[in-house]
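Coordinate-derived values only; no laboratory data. Bear in mind that the values here come from a model prediction, so they are computed numbers and not experimental data. Note that we place each Cβ from the backbone using ideal geometry, even for glycine, and neighbour counts take in every protein chain shown.
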């Protein structure tokens, strides 16, 4: 035991290295604090009495759920719920339809002897490279009578060529033997896609769905384009938050609301990130998988 | 196919050896026989493949339809950029308006005499260049630092925390920061006032002189952690034995980072750099437009290209053909940047951007 207590091969790390290690940890911790302080402050704002706003650092003071009550059951509660519902519909439809459509298209294109493969790929890739700007899309939605409707946001987001490329690359790497075996067993091409290819590509499908969900939930650029601020019944939640940041500063009738503007904003924002926080563990898994992948390679 | 190419090449060589019309005739004859020989075979082959895949080929159709309607038809919308300034949608459909009235190229010329356009391009490039100089190296530094941590739990915890802001929407990120910098009771604002950095009742995010700073600071706050993931994965994939031998040779940490880590992840760095430069004409529309709303006395000289485009086409909507022309012009520059970026990556990294 005594012999292996000190490893003779281990080189004593120099002072510089020790200093750098310490500095490294210190810098990372500072960076983490810069990230976490605003988040904690904003969480505590949502649960605090507005009288203590300026004293908040990391934890709530004067615990109250008043801001949440105002958002969820106050005068404007129906607007919040409507926006929430809109966001759920938009996110679910975009995630399911977009990924299904792109995965389906990627399947035949992943075969090396797919007819007109090069031409079809160019057809898709061109749309990634060039767009004529926002006016033509706006006019298209105007013509289809889709302005001020959530369908405009959904339809514009379904085509996702980068996911198509992602799926295609993944399908190309799948072993062809399994498909051959299934074909010998009499599986039709459609059965093969849904019962063999899709189950085999669940990891890639999962990460594509995850990014679709985050993107659809968080983006409000297309809502700003297609939906006016007055068409409240079609606002997604991110757009609601965007308007809230500014709007509550202007409307100042109720003194309690005036004092608690920041608390109300924080509560609404906290409510809107709950779904993201729910699927965030997936990111952790993603990071962990990345780590194991790296360690296998290394 | 290879044989065909060799044949053609040798024919071309012969052609250069021969002189004048005779040589041209010879090559043309060669080409003609080649095409006559290849063409039916190509179609036959494709038809055979269509037959083979007839049951799954329709899988492409839904995606192709969505692409056609929501990408290609709007591309035809660039025709609106050739209409006169009197274009409007008060009467009739979009199509009937398109085919009435005169055609003009003036809108594209107007772009170059528009002062706001130059200001917008300047601001967009400035913001993106500073982002490239600050946020991009910051991601690499964080990745290097994280990879240096011995404690896996600590590095994972830090990673999970610093990635979180990337999954919040811009409205929330800006809402959080405007909350803690709020002139009435924002925690950070209070601290700054107490330290004497700023006067009381001074909202930092609502000031023009701080606008660009916050654009860059917030994109670093939101994106730097997530941006480091790529580099972190690349560093973790480096063979550990390199580091061991470097340690045996007596290299210190800085040397190991500079001579080992950075060269090993150079291809990732180059790829991300090219991707960043390809997106140079967009400066984050949602972020900047939301920040503009917080700024009561926003100066239009601070505008970026995409917010300018949005302002003239959706908010003001005075001259739709001009706004379309600007959009098309912007799209063309973006296209050129993408093609150049792709050419660079395929040449140097043997990897296509798409």
If each of residue B:134 and residue B:202 carries a label point 7 Å out from its Cα toward its Cβ, how far apart are those two points in nm? 1.8
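Kirkwood Rh, Cα Rg: Rg to Rh for the range A:69-290? Present the calculation step by step, with values, prior to reporting the outcome.
Numbers: Rg = 21.6 Å, Rh = 20.1 Å.
Using Cα coordinates only, the ratio equals 1.07.
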Protection proxy ranking of A:163-171, A:187-195 - average other beta-carbon atoms within 10 Å, highest first: A:163-171, A:187-195
May I ask for the angle, rounded to the nearest 10°, between helix B:320-348 and the longest principal axis of chain B, with both axes built from Cα atoms and the value confined to 0 to 90°? 80
With labels modelled as points extended 7 Å from the Cα through the Cβ direction, what inter-label distance (nm, one decimal) is found for residue B:112 paired with residue A:37? 5.0
Square roots of five times the C-alpha gyration tensor eigenvalues of the protein assembly as shown, ordered largest first and given in whole Å, equal 45, 38, 26
For the range A:18-46, list residues with backbone N below 20 Å from a point placed 7 Å from the Cα of residue B:194 toward its Cβ? A:33-46
Taking the Cα atoms of the range B:114-348, report the difference between the largest and smallest coordinate on each principal axis, in whole Å and largest first. 68, 52, 25
Compute a Gaussian network model of chain B, connecting alpha carbons closer than 10 Å, and tell me which residue from B:77, B:227, B:185 fluctuates the most. B:185
If you count, for each residue, the other Cβ atoms within 10 Å and average over each peptide, how do B:91-101, A:201-211 line up from highest to lowest? A:201-211, B:91-101
Efficiency by 1/(1 + (r/R0)^6): what FRET value for residue A:58 and residue A:18, r their Cβ-Cβ distance, R0 = 25 Å, to the nearest 0.05? 0.20
Peptide-level mean, for B:177-188, of C-beta atoms on other protein chains within 10 Å: 6
When every alpha-carbon pair in the range A:16-59 is counted, what percent end up more than 11 Å apart? 67
By how many degrees, between 0 and 90 and to the nearest 10, does the Cα long axis of helix B:208-236 differ from the longest principal axis of chain B? 60
For a label point 7 Å along the Cα-to-beta-carbon line of residue B:270, residues of the range B:222-256 with backbone N under 20 Å: B:230-239
Angle between the Cα long axis of helix B:2-17 and the longest principal axis of chain B, 0 to 90 degrees, nearest 10? 70
Contour minus Cα-Cα distance for residue A:69 and residue A:51 (0.36 nm per residue): 4.8 nm
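Run lengths n ≥ 4 of DSSP H only: what is the helix-derived mean residue ellipticity at 222 nm for chain A, with -39500 (n - 2.57) per run over all residues, to the nearest 500? Provide the component values of the computation, followed by the final result.
Values: 15 runs with 204 residues, N = 298.
Rounded to the nearest 500, the figure is -22000 deg cm²/dmol.
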Cα→Cβ-extended label distance, 7 Å offset, between residue A:285 and residue A:81, nm: 3.2
